[in-house]
Amino acid sequence: MARPDKAAAVAELADELRDSNAAVLTEYRGLTVAQVSELRRSLGQSTRFRIVKNTLTKIAVKEAGVDEQISDLLEGPSAIAFVHGDVVEAAKGLRDFAKANSPLVIKGGVVDGKSISAEQVTKLADLESREVLLSKLAGALKAKQGQAAAVFQALPSKTVRLAQALADKRNEEAA
C-alpha cells in the first residue's frame with residue numbers, strides 16, 4: 001500500500017497535469033539552487049517549475065491520461081514546467097534560460113494533450129506572443145476593411161465622374 005504522502009504527491013501532480021495548458025519536461029542536472037530559483041522567477045506567475053520524482057510522475061501521468069506523451073521522457077533528473085497561461089511565453093523563458101545555462105536541457109512535453117518534442121518547444125518559443133499576434137490580426141482585418149471601403153466608395157464616385165463627363169461632352173456637341 002502506498003504511503004499517504006506519496007499518494008498525495010501523485011494526486012497533486014496528476015491534478016496539475018490536468019489543469020495546465022502545457023507541461024514541458026526538462027533535465028536540470030548541473031543547475032545550482034540559485035539558478036533554479038532564477039529560472040522560476042524568469043518564468044513568471046503563470047508557469048510553475050517543479051522538480052519531480054520520476055517514479056511518482058510516471059504514476060501521475062497515467063492518472064492524468066498523458067502517459068504515452070510523457071513517460072518516455074522521464075529518464076534522469078526531471079523537472080516539469082506546468083504552464084497555466086501563455087505557452088509561447090513559457091517556451092521563450094525556458095529556451096532563453098537554456099541558452100544562458102547549458103545544464104538545462106528541454107526534453108519535450110505536452111500542449112493541450114498533444115505530445116511535442118524539444119525542437120517543437122523551440123519553434124513555439126520563436127513565435128511572437130499572443131498579444132502581438134492578435135494585434136497583427138486586428139491590423140490585417142482593419143486594412144481589409146479599409147480596402148473594401150475604398151472600393152465601395154470608388155464605384156459611386158467613378159459613376160458620378162462618368163456622368164459629368166458625358167454631360168460635358170453633350171454640351172460641347174450641342175454648342
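The values are calculated or read from the model by the stated rules, or taken from the named source; none is laboratory data. Computed from a predicted structure; not experimentally measured. Using ideal geometry, Cβ is built from the backbone for each residue, glycine included, and neighbour counts are taken over all protein chains shown. These area figures cover heavy atoms from the full protein model, side chains too; ligands, DNA and RNA do not enter into them. Shrake-Rupley method; radii C 1.70, N 1.55, O 1.52, S 1.80 Å.
The lone criterion from (1) surrounded by fewer than 18 Cβ atoms within 10 Å (Cβ to Cβ); (2) within 18 Å of Ala125 (Cβ to Cβ); (3) in contact (Cβ under 8 Å) with a residue 24 or more places away in the chain; (4) out of contact with any helix residue (DSSP H, G or I) (no Cβ under 6 Å at 6 or more places or on another chain) left unmet by Asn21 is number (4). Scanning the stretch 133-150 for any residue that is open to solvent by less than 50 Å² (accessible area, probe 1.4 Å) and either of a type in the set (Asp, Glu) or within 30 Å of Leu25 (Cα to Cα) (or both) turns up nothing.
Of the residues making up the stretch 73-93, those that are in contact with a strand residue (DSSP E or B) (Cβ under 6 Å, 6 or more places away or on another chain) and not in a loop (DSSP other than H, G, I, E, B) are Leu73, Ser78, Ala79, Ile80, Ala81, Phe82, Val83, Val87, Ala90. Within the set Asp126, Asp168, Asp112, the sole residue that is among the acidic types (Asp, Glu) and closer than 17 Å to Thr47 by Cβ turns out to be Asp112. When the stretch 35-70 is filtered for residues that are within 17 Å of Ala9 (Cα to Cα) and exposed (fewer than 15 other Cβ atoms within 10 Å of the Cβ), the ones remaining, listed by number, are Ile51, Asn54, Thr55, Gly65. Selection over the stretch 59-72 of residues that are among the β-branched types (Val, Ile, Thr) and part of a loop (DSSP other than H, G, I, E, B) gives a count of 1. In the stretch 132-150, the residues that are closer than 19 Å to Val88 by Cβ form Cβ pairs under 8 Å with partners that are among the hydrophobic types (A, V, I, L, M, F, W, C), at six or more places apart or across chains, as follows: Leu133/Leu127.
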